[in-house]
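One structure is given below, encoded as structure tokens.
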Amino acid sequence: MLDILRHVDVLLVVNRLQADAAMKIYGFPARLIEVVPTILHPLFFDSNAAAAPLDDIRNYVFCAGNILPRKNQMRMAMAALRSGYPMVFAGSPMGGEQAYADEFGRLVDANPSLKWHKWLKPDDLYRVARHASAIALPSFEECQPTSALEAIALQKPLLIADRSYAHQEFFEGALTADP
């Protein structure tokens, strides 16, 4: 790997954390590193894009991501139930995490203020995010979370876990919480 890096003109990384790691671990020069955030669907930047609501639920917090313990949707759902705030989730069960997804599905099925879309096309994902009151990402670990970048593009309030990935320039102004 180090031999390959000697031949790289520019190393593209998705955030400052990766840039710092490339410099510290591999000794890659900072002048050859460029941060390019994850690419988002153009709809997220079009403030005039028409988007009818996908669901009949209103004033909800939206949480997108594969369903697995690292993403922490179960605790987010339980917090929403305690607060009385509706939540919409989007994401497919992650391979090897079926037990967690089943438990999450039972919680959602038992509570009408929670909704779970297992599969959404990009246009429908945009519609759900567009009509959300806020977007939440309670993950224990992330690299460059697309849903958080989508919240920023939509100018939605963002609730993000108080972890190292949350303390990047892209997420300044986000509300952080102990996951």
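The values are calculated or read from the model by the stated rules, or taken from the named source; none is laboratory data. Since the structure is predicted, the reported quantities are computational estimates derived from the model, not experimental observations. As a convention, Cβ positions derive from the backbone with ideal geometry for all residues, glycine included, and neighbour counts pool all protein chains shown. Accessible surface areas use protein heavy atoms only, side chains included; no ligands, DNA or RNA. Shrake-Rupley method; radii C 1.70, N 1.55, O 1.52, S 1.80 Å.
Take the Cα radius of gyration of the chain and divide it by 2.2 N^0.38 Å, N being the number of residues; the result is 1.13. If you take the alpha carbon radius of gyration of the stretch 44-150 and divide it by 2.2 N^0.38 Å, what ratio comes out, to two decimals? Cα Rg divided by the expected 2.2 N^0.38 Å: 1.02.
With +1 on the Cβ of every Lys and Arg and -1 on the Cβ of every Asp and Glu, and nothing else charged, how large is the dipole of the chain about its Cα centre, in debye rounded to the nearest 20? Before the final figure, lay out the partial values.
Values: 17 positive and 20 negative charges, 43 e Å.
Computed charge dipole of the chain: roughly 200 debye.
Multiplying the residue separation of LEU12 and GLN155 by 0.36 nm and removing their Cα-Cα distance gives an extension gain of 48.9 nm. The alpha-carbon of LYS71 sits under 21 angstrom from the alpha-carbons of these lysines, leaving out residues fewer than 8 places away in its chain: LYS115, LYS118, LYS121, LYS156.
Relative protection proxy for 122-128, 170-176, from highest mean packing down: 122-128, 170-176 (other beta-carbon atoms within 10 angstrom). Residue separation of ALA21 and GLU169 scaled by 0.36 nm, minus their Cα-Cα distance, works out to 51.6 nm of gained length. Only aspartates and glutamates eight or more places from LYS24 in sequence, or on another chain, were considered; those with a Cα closer than 17 Å are ASP3, GLU34. In this structure the chain gives 55 Å² per residue of accessible area when probed at 1.4 Å with all protein chains present. Extension gain for ALA49 to SER83 (0.36 nm times residue separation, less C-alpha to C-alpha distance): 9.1 nm.
Taking amide hydrogens as placed 1.01 Å from N in the peptide plane, the amide H of HIS117 sits under 5 Å from those of PHE89, ALA90, GLY91, each at least 5 positions away in sequence or on another chain.
The modelled label-to-label distance for the pair ASP56/LYS121, using points 7 Å beyond Cα in the direction of Cβ, is 2.3 nm. When the trypsin sites (Lys or Arg not before Pro) in the stretch 59-98 are filtered for DSSP coil states and for at most 16 other beta-carbon atoms within 10 Å of their beta-carbon, no site remains.
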